[in-house]
Amino acid sequence: MAAIDPRELMWTRACELIDRAERLHRQFFRPTAEPIGDAVWEPPVDIVETDSDILITVALPGVDENTVKLSVDADSVLVVGLRRPSSIPRGSLVHRLEIPYGRFERQISFPSRRLQLSESELAFGCLSLKFTKQR
């Protein structure tokens, strides 16, 4: 009986894990035929709190600022917009499509907080929001 090389087992396991990760990624970021009225992806956010403010950064690379709508109410902020797909030349061979396109929506809640939107700016692919805490 031949001895099994542990490096071969590790390589096989690593390849299996990569395949599984790619399947999961395709599951969450697959192209969709949903109507444009339904949100198809959520942009990632960073939320940082200081003594006087709450700072939110919403990652929106490639999104035209004219497609972004911001709604602020007493206890939450809603960011809605559209990332248009880039054109793929006819006859191209697509190897990967990982960037989500279509309508997006992200709601961030602030339970039991009184906040006032004091600044907002879309620059370098990020929407920066600054909320001042109301005392």
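The values are calculated or read from the model by the stated rules, or taken from the named source; none is laboratory data. On a predicted model such as this, the values are computed, not experimentally measured, just so you know. Reconstructed Cβ throughout: ideal geometry from the backbone, glycine too, with neighbour counts over all protein chains shown.
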Filtering the range 67-107 for residues that are exposed (fewer than 15 other Cβ atoms within 10 Å of the Cβ) and either within 15 Å of the chain's Cα centre (by Cα) or over 15 Å from VAL45 (Cα atoms) (or both) leaves a count of 24
Can you find, within the range 13-43, the residue that is surrounded by the fewest Cβ atoms within 10 Å (Cβ to Cβ) among those that are under 22 Å from VAL58 (Cα atoms) and at pLDDT 60 or above? ASP38
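Conditions tested, residue by residue: (1) at negative phi; (2) touching an Asp or Glu at 6+ places or on another chain (Cβ under 7 Å).
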residue: GLU42; (1), (2): yes, yes
residue: ASP51; (1), (2): yes, no
residue: SER71; (1), (2): yes, no
residue: ARG84; (1), (2): yes, no
residue: SER112; (1), (2): no, no
residue: LEU117; (1), (2): yes, no
residue: LEU122; (1), (2): yes, yes
For a quick check of your reading of the model, give me the residue pairs whose first member lies in the range 1-29 and is in a helix (DSSP H, G or I), whose second is modelled with pLDDT of 80 or more, with beta-carbon atoms closer than 8 Å and at least 6 apart or on different chains. HIS25/GLU98
